[in-house]
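In what follows, a structure is listed as structure tokens, so that the remarks can point back to it.
Any read-out appearing in this document is the output of simple, stated calculations on the displayed coordinates, not a laboratory observation. The model shown is predicted, which means the values in this text are computed figures rather than measured ones. Every residue, glycine among them, receives a Cβ derived from its backbone with ideal geometry; neighbour counts consider all protein chains shown.
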Amino acid sequence: MFSNLGNAIRTAFEYFTIIYLTGLGGLFSERSGIVNIGLEGMMIIGTVGGAYGVAQWGPVGGLLFGLLCGGLYAMIHAVATITFRVDHIVSGVVINLAVVGIARFLSQLWFGQATQSNPGAPHLNPWNIPVLSKLPAGLGVAFQDMSPMVVVAFLAVFPASFVLYRTRFGLRLRSAGENPEATRSLGVRVAPIRYAAVAISGALAGLSGAFLAFEVNDHWREGQTVGLGFIALAALILSNWNPRRLMAAAMLFGFAQAIPYWLNDAPVIRLLPDEFVRMIPYVVTIVAIAGFVGKVRPPAAAGRAYEGTST
């Protein structure tokens with residue numbers, strides 16, 4: 001039981017990394033006023049790009065190439081919503097639908113097969129966290145052979161908070177998401193800020209997709225995101241668009257993802273049908289959103305077309 005708990009915590013950390021980085025990307029986009037429900041699609045592009053990058057340039061190259069692919073794909077959403085003022089939800093849906101065909105095309109081009117890459121991708125050198133990796137009763141397993149990206153995700157809250165709340169760029173980004181007309185009246189160009197925010201959004205989603213493809217798994221396969229982009233969006237809403245609260249929401253959903261893998265024989269849970277156990281991550285997401293969605297306040301201009309200049 002305790003050994004399984006340690007493994008469950010390690011799995012929760014991995015899914016926390018995916019959900020937090022993707023949600024953090026969505027936070028930048030939506031704080032600027034651009035609703036991004038296309039996070040799932042940007043993650044998928046990151047999984048394919050990451051699998052190709054790791055095969056060509058190693059793990060670091062794979063992460064960076066996944067980041068680049070996600071950022072470039074996000075530019076489609078940016079052009080549609082900022083320049084052409086397409087409805088943000090419609091654009092996000094198209095992003096998520098189109099990526100299925102794009103991913104298959106790229107997979108066929110890069111791997112010679114449409115639905116997966118070759119298994120056996122190299123990983124980043126794992127870390128053992130001092131002291132914590134020696135915890136008794138099997139809990140130390142959670143902190144052994146940990147991907148460095150998990151540590152990066154935990155530390156990401158500090159630069160993200162600093163950029164959002166302590167820099168001129170962050171102030172202008174938040175202002176664009178609350179009142180773009182007032183922002184423009186002060187001589188600040190809204191469109192470039194929103195383009196940058198959406199690019200950051202896609203880059204972080206692509207980075208988490210690459211992490212999923214070859215750090216959590218050892219290759220890309222079609223459908224491996226299993227809705228994690230939407231769960232990250234739910235975590236973002238639950239956090240009230242705050243990077244620190246987003247950590248707690250991502251950890252909650254990360255643990256929910258770990259339950260079907262390691263805790264399905266725990267008391268109470270083992271009494272449930274297997275089908276329901278596999279549903280737990282999504283049930284937790286629905287319950288959390290249903291219980292707290294009325295208590296959150298999104299950026300005032302999020303999703304609203306800005307009629308000012310698009311340059």
Gaussian network model of the chain, Cα within-10 Å springs - most flexible of G223, G206, G71: G223
Measuring from a point 7 Å past the Cα of R270 along Cα-to-C-beta, which residues in region 1-44 have an amide N at less than 17 Å? 1-8
Just to confirm the number: angle between the C-alpha axis of helix 243-262 and the first principal axis of the chain, 0 to 90 degrees, nearest 10? 30 degrees
Using the Karplus curve 6.51 cos²θ - 1.76 cosθ + 1.60 with θ = phi - 60°, what ³J(HN,Hα) values do you get for each residue of region 236-242, in whole Hz, with x for Gly and Pro? 4, 5, 4, 7, 6, 6, 10
Specify the residue with the greatest mean-square fluctuation among T225, T22, T167, computed from a Gaussian network of the chain linking alpha-carbon atoms under 10 Å apart. T167
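Find the eigenvalues of the gyration tensor of the Cα atoms of region 2-295, then list the square roots of 5 times those eigenvalues as equivalent ellipsoid semi-axes, largest first, in whole angstrom.
Working: eigenvalues 191, 104, 71 Å².
The three semi-axes for region 2-295 are 31, 23, 19 Å.
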Under a Gaussian network model of the chain whose springs join Cα atoms within less than 10 Å, the largest fluctuation of I280, I82, I269 belongs to I269
Using only the alpha-carbon atoms, how far is helix 2-31 inclined from the longest principal axis of the chain? Give it as 0 to 90 degrees, nearest 10. 10 degrees
How far is helix 168-178 tilted, in degrees, relative to the longest principal axis of the Cα atoms in the chain, given as a value from 0 to 90 rounded to the nearest 10? 80 degrees
First measure r as the distance between the Cβ atoms of I129 and E181, then evaluate 1/(1 + (r/R0)^6) with R0 = 41 Å and state the FRET efficiency to the nearest 0.05. 0.25
Whole Å is fine, so just give me how far the alpha carbon centre of region 20-62 lies from that of region 148-207. 16 Å
Simple spin-label estimate for A290 and R104 in nanometres, 7 Å along Cα-Cβ: 3.5 nm
Residues of region 16-44 with backbone nitrogen within less than 18 Å of a virtual label 7 Å along the Cα-to-Cβ line of V90, please, listed as ranges. 34-38
